[in-house]
Amino acid sequence: MIFEQIEAGGDRNFGYLIGDEHTREAVIVDAGYAPERMLQEASRYDLKVVYIISTHSHKDHVAGNELLVQRTAAPVVMHESTAHPCNVRVKDNEKLAVGNLRLRFLHTPGHIPDHVCILADDKLISGDLLFVGKIGGTGPHFPASDPRQQWESLRRLMRLDPAIEVWPGHDYGVKPSSTIGNEITTNPFLLCKNLEEFLYLKD
């Protein structure tokens, strides 16, 4: 699997290029404000972009989609609950074939209702749900956010294999990636024993 984390502008946004080295099919995830750079990287690996994926509909994650559609004619993939324009609507736990790869979508609301995380082999693109040592925002600055849903979504991630790598939507931590196991043992929000502790820490 070809997997590349790419700086995508905005507020230290990260986007991702995932490709099958055998079929040369690829997806771009959360192109943000750097769609041209995403396409350059795909070209460097001789990859054909067959899907454009957004983990959620906040502007800094979907801003590059229009240009990518113009250049590649690839469909935009988002969770079925989104109100944002897209071509393919995926359900929780649905898998998407990209060459020989199978990307699995986990519906993880909280930061925003249409949020998904994407599992590609042993790598989890966690969007704005889970950062390295931090978590995505909720509250007045994020309409439709729900910290209780966020808690449940984070608990779901904590049940994944501890060795799975975490690749976030923003470069907010001390390093650009982590693992589920490392976050469980070091992330203060995941160390909370219950919802009440979690809500208190967020406040």
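The values are calculated or read from the model by the stated rules, or taken from the named source; none is laboratory data. Quick caveat: nothing in here was measured; it's all calculated off a predicted structure. Methodologically, a virtual Cβ is constructed for each residue, glycine included, from the backbone with ideal geometry; neighbour enumeration extends over all protein chains shown. Side chains are part of the model used for accessible areas, which takes the heavy atoms of the whole protein and leaves out ligands, DNA and RNA. Shrake-Rupley method; radii C 1.70, N 1.55, O 1.52, S 1.80 Å.
Odds and ends about this structure:
- Residues of the stretch 4-36 that are in contact with a Gly (Cβ under 8 Å, 6 or more places away or on another chain) and more than 30 Å from Ala144 (Cβ to Cβ): Gly19, Asp20, His22, Thr23, Arg24, Glu25, Ala26.
- Of the numbered criteria (1) among the aromatic types (Phe, Trp, Tyr); (2) assigned to a strand (DSSP E or B); (3) open to solvent by 60 Å² or more (accessible area, probe 1.4 Å), the one Tyr200 fails is (2).
Let's see how each residue does on (1) of a type outside the set (Gly, Ala, Ser); (2) assigned to a loop (DSSP other than H, G, I, E, B); (3) touching a residue at least 60 places away in the same chain (Cβ under 8 Å); (4) within 30 Å of Arg102 (Cα to Cα):
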{"site": "His141", "(1), (2), (3), (4)": "yes, yes, no, no"}
{"site": "Ala144", "(1), (2), (3), (4)": "no, yes, no, no"}
{"site": "Pro162", "(1), (2), (3), (4)": "yes, yes, no, yes"}
{"site": "Asn182", "(1), (2), (3), (4)": "yes, no, no, yes"}
{"site": "Thr185", "(1), (2), (3), (4)": "yes, no, no, yes"}
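- For the stretch 79-136, the set of residues classified as in contact with a Cys (Cβ under 6 Å, 6 or more places away or on another chain) and among the β-branched types (Val, Ile, Thr) consists of Thr108 only.
- Condition check for Val49: at pLDDT 95 or above, touching a Ser or Thr at 6+ places or on another chain (Cβ under 6 Å) and more than 26 Å from Phe142 (Cβ to Cβ): yes
- Hits in the stretch 47-87 (condition: farther than 11 Å from Asp30 by Cβ, open to solvent by 40 Å² or more (accessible area, probe 1.4 Å) and under 17 Å from the mean Cα position of the chain (by Cα)): Tyr51, Lys59, Glu80, Ser81, His84
- Within the stretch 1-46, the residues that satisfy the criterion of being of a type in the set (Val, Ile, Thr) and crowded, with 22+ Cβ neighbours inside 10 Å are Ile18, Val27, Ile28, Val29.
- Some residue of the stretch 47-64 being of a type in the set (Val, Ile, Thr), touching an Asp or Glu at 6+ places or on another chain (Cβ under 7 Å) and within 16 Å of Trp167 (Cβ to Cβ): yes
- Of Ala97, Ala83, all but one fail to be among the hydrophobic types (A, V, I, L, M, F, W, C) and in a loop (DSSP other than H, G, I, E, B); the exception is Ala83.
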